[in-house]
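The values are calculated or read from the model by the stated rules, or taken from the named source; none is laboratory data. Since we're looking at a predicted model, the values are computed, not measured. Positions of Cβ are backbone-derived with ideal geometry, glycine not excepted, and every protein chain shown enters the neighbour counts.
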Amino acid sequence: MNVLLLGSGGRESAIAWKISQSSILDQLYVAPGNAGTRQYGKNTPLDILDFEAIKAFVLSQKIDLVVVGPEEPLVMGIVDFFKSDAALRSVGIIGPTKAGAQLEGSKTFAKEFMQRHRIPTAKFGSFSLETLREGIAFLREMKAPYVLKADGLAAGKGVLILANLEEAEHELTQILLDEKFGAAGKRVVIEQFLTGIELSMFILSDGRSFKILPEAKDYKRIGEKDQGPNTGGMGAVSPVPFADEAFKDKVLNQIIIPTVKGLNQEGIEYQGFIFFGLISVKGEPYVIEYNCRMGDPETEVVVPRIKSDLLDLFEGVVSNTLSERDIQFTELSAATVMMVSGGYPNTYEKDKIIYGLNTVSESLVFHAATKSDGPKVLTNGGRVLTVTSYGKNLEVALAKSYDAVSKLSFENAYFRKDIGQDVI
Ligand code: AMP
Ligand code: GLY
């Protein structure tokens, strides 16, 4: 099987690493990939939003399966583009249609979907410029802190949590009237604030049946003890000790099954991953958000825990035979620690030489933003490398990752030293 994987981050590095081990793989291409994905397949300089260029590549290289890593091509309709093109109809693609990707592409859609299917989530209202006054009235009936979310994709920056009403009214006006988040903020979801502990669960679905993947917890804030601004994610662990069988059963029955059934009832085709961003409020799960793809850096701990052949599972997805496939996981724990550029998530410098890549043998070093320059590997973004290790428990896995991180370096590298400490 010839496979094209779209994306260039740590998530795609972990997926590429796993696909490269498949017994049914002929050739893997990663577009555009990074300096690390070259170990697993051929990097290809394609723009992942240029569907015509992707089509030409798929046809010329006889690609059998396209795996879409990030959300943007999905929200823009790459799956619909493939399914409506006669020349591409026989090519499998992992990811939902545009309608399914609305679970992530529109917070209003996601909230109304959950309401229609009685899936537990925070109470909410959704407002546009035309209903700004109603939005302010809605805020005044809520209690602090106030949660405001831009409706559309905002690269993880579209959520504001505000301590007082004046600030919340001001921000709501800024988003709707002054277009603070651009087109993503044409609508705003205002939500009840939930207090609890967050974790993520994932499924792979062929539209009818699904496989539940190991759960994970990521660490979003830049600073230790969850201080400072949000990032794409500074590390992750799997399993999550507080997610016991009773909790996961509730997630299955109250959230996962109603989501898959709901998509079916609404005639929405969904062959891909669903990411459930959850919060446990006194042991009861609520959905904070859906994503229409795997998480990053959660993938860097979830995928290494899958023992089965990922391409066999993907084949099951595109042929609607997932229920006949077997999925096995390792009992080992996995932890990943992200090394980022100094200054991230604000301004930072790129093009720093990375040292020590050949010195790590006991851990997996997934590249998140790197590029090659002759024999050198350079930093090429905020989140640069993520180091994943296995262990008989999270303590062991974390110790191995931190040991590996100590052997890697680039100018102004930063990492959190407390990944996993709140759950072990
Ligand atoms: P989201 O992009 O929707 O995942 O939101 C980003 C982060 O904001 C989440 O990971 C939570 O930490 C926080 N958050 C979002 N919605 C709520 C809520 N209703 N109550 C409390 N925290 C929230
Ligand atoms: N780690 C959160 C995300 O991928 O959106």
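If only one of Asn264, Asn291 is away from ligand 1 (no atom under 16 Å from the Cβ) and either at pLDDT 95 or above or surrounded by fewer than 22 Cβ atoms within 10 Å (Cβ to Cβ) (or both), which one is it?
Result: Asn264 is the single residue among Asn264, Asn291 that is away from ligand 1 (no atom under 16 Å from the Cβ) and either at pLDDT 95 or above or surrounded by fewer than 22 Cβ atoms within 10 Å (Cβ to Cβ) (or both).
In this structure, does Leu162 turn out to be among the hydrophobic types (A, V, I, L, M, F, W, C) and closer than 24 Å to Lys123 by Cα?
Against the criterion (among the hydrophobic types (A, V, I, L, M, F, W, C) and closer than 24 Å to Lys123 by Cα), Leu162 qualifies.
If you scan the range 166-203, which residues turn out to be surrounded by 15 or more Cβ atoms within 10 Å (Cβ to Cβ), hydroxyl-bearing (Ser, Thr, Tyr) and either free of Cβ contacts under 8 Å to residues at least 12 places away in the same chain or within 30 Å of Ser238 (Cα to Cα) (or both)?
Ser200 - this is the single residue of the range 166-203 that is surrounded by 15 or more Cβ atoms within 10 Å (Cβ to Cβ), hydroxyl-bearing (Ser, Thr, Tyr) and either free of Cβ contacts under 8 Å to residues at least 12 places away in the same chain or within 30 Å of Ser238 (Cα to Cα) (or both).
Select from the range 274-283 the residues that are away from ligand 2 (no atom under 11 Å from the Cβ) and either buried (at least 19 other Cβ atoms within 10 Å of the Cβ) or of a type in the set (A, V, I, L, M, F, W, C) (or both) and write down the one among them that is nearest to Glu12 (Cα to Cα).
Ranking the candidates gives Ile274 first.
Taking Asn412 as the residue in question, decide whether it is closer than 22 Å to Asn43 by Cα, among the polar types (S, T, N, Q) and either more than 23 Å from the chain's Cα centre (by Cα) or modelled with pLDDT of 95 or more (or both).
no
Out of curiosity, is Leu88 touching a Phe, Trp or Tyr at 6+ places or on another chain (Cβ under 8 Å) and farther than 30 Å from Ile119 by Cβ?
Yes.
So which of Gly135, Gly77, Gly69, Gly92 is closer than 30 Å to Lys18 by Cα, buried (at least 21 other Cβ atoms within 10 Å of the Cβ) and out of contact with any His (no Cβ under 8 Å at 6 or more places or on another chain)?
Unique residue meeting the criteria: Gly69.
Only one of (1) surrounded by fewer than 24 Cβ atoms within 10 Å (Cβ to Cβ); (2) under 18 Å from Ile203 (Cα atoms); (3) more than 16 Å from ligand 1 (Cβ to nearest atom) fails for Tyr286. Which number is that?
The number of the failed condition is (3).
Would you list the helices (runs of 4 or more DSSP H) that sit entirely within the range 3-100 and hold 1 or more residues that are of a type outside the set (Val, Ile, Thr) and closer than 26 Å to Leu357 by Cα?
10-19
Out of everything in the range 109-161 that is of a type in the set (Lys, Arg) and assigned to a helix (DSSP H, G or I), what residue ends up being nearest to ligand 1 (Cβ to nearest atom)?
Per the stated criteria, the residue is Lys111.
What's the number of the condition Val240 fails, among (1) within 16 Å of ligand 1 (Cβ to nearest atom); (2) in a loop (DSSP other than H, G, I, E, B); (3) closer than 21 Å to Glu72 by Cα?
That leaves (3) as the condition not met.
Of all residues in the range 146-165, how many are closer than 23 Å to Gly232 by Cβ and more than 16 Å from ligand 2 (Cβ to nearest atom)?
Summing the residues that are closer than 23 Å to Gly232 by Cβ and more than 16 Å from ligand 2 (Cβ to nearest atom) in the range 146-165 gives 6.
Part of a loop (DSSP other than H, G, I, E, B) and either hydrophobic (A, V, I, L, M, F, W, C) or modelled with pLDDT of 95 or more (or both): does that describe Tyr348?
When the stated conditions are applied, Tyr348 passes them.
Identify the single condition in (1) of a type in the set (Phe, Trp, Tyr); (2) within 16 Å of ligand 1 (Cβ to nearest atom); (3) not in a loop (DSSP other than H, G, I, E, B) that Phe193 does not satisfy, given that it satisfies every other one.
It is condition (3) that Phe193 fails.
Would you check which residues across the range 83-138 are over 23 Å from Pro285 (Cβ atoms) and β-branched (Val, Ile, Thr) and list them?
Val91, Ile93, Ile94, Thr97, Thr131, Ile136
Does Ile222 meet the test of being in a strand (DSSP E or B), within 14 Å of ligand 1 (Cβ to nearest atom) and either modelled with pLDDT under 95 or more than 19 Å from the chain's Cα centre (by Cα) (or both)?
no
Identify, by number, the condition in (1) of a type outside the set (A, V, I, L, M); (2) away from ligand 2 (no atom under 16 Å from the Cβ); (3) part of a loop (DSSP other than H, G, I, E, B) that Thr259 doesn't meet.
Condition not satisfied by Thr259: (3).
Please verify whether the range 405-412 includes one or more residues that are crowded, with 19+ Cβ neighbours inside 10 Å and not in a loop (DSSP other than H, G, I, E, B).
Yes, the conditions are met somewhere in the range 405-412.
Starting from the range 262-289, keep only residues that are in a loop (DSSP other than H, G, I, E, B), then list their pairs with residues that are loosely packed, with under 14 Cβ neighbours inside 10 Å and charged (D, E, K, R) whose Cβ atoms are within a distance under 9 Å, requiring at least 6 positions of separation or different chains.
Pairs that qualify, where the first residue is in a loop (DSSP other than H, G, I, E, B) and the partner is loosely packed, with under 14 Cβ neighbours inside 10 Å and charged (D, E, K, R), are Glu266/Arg116.
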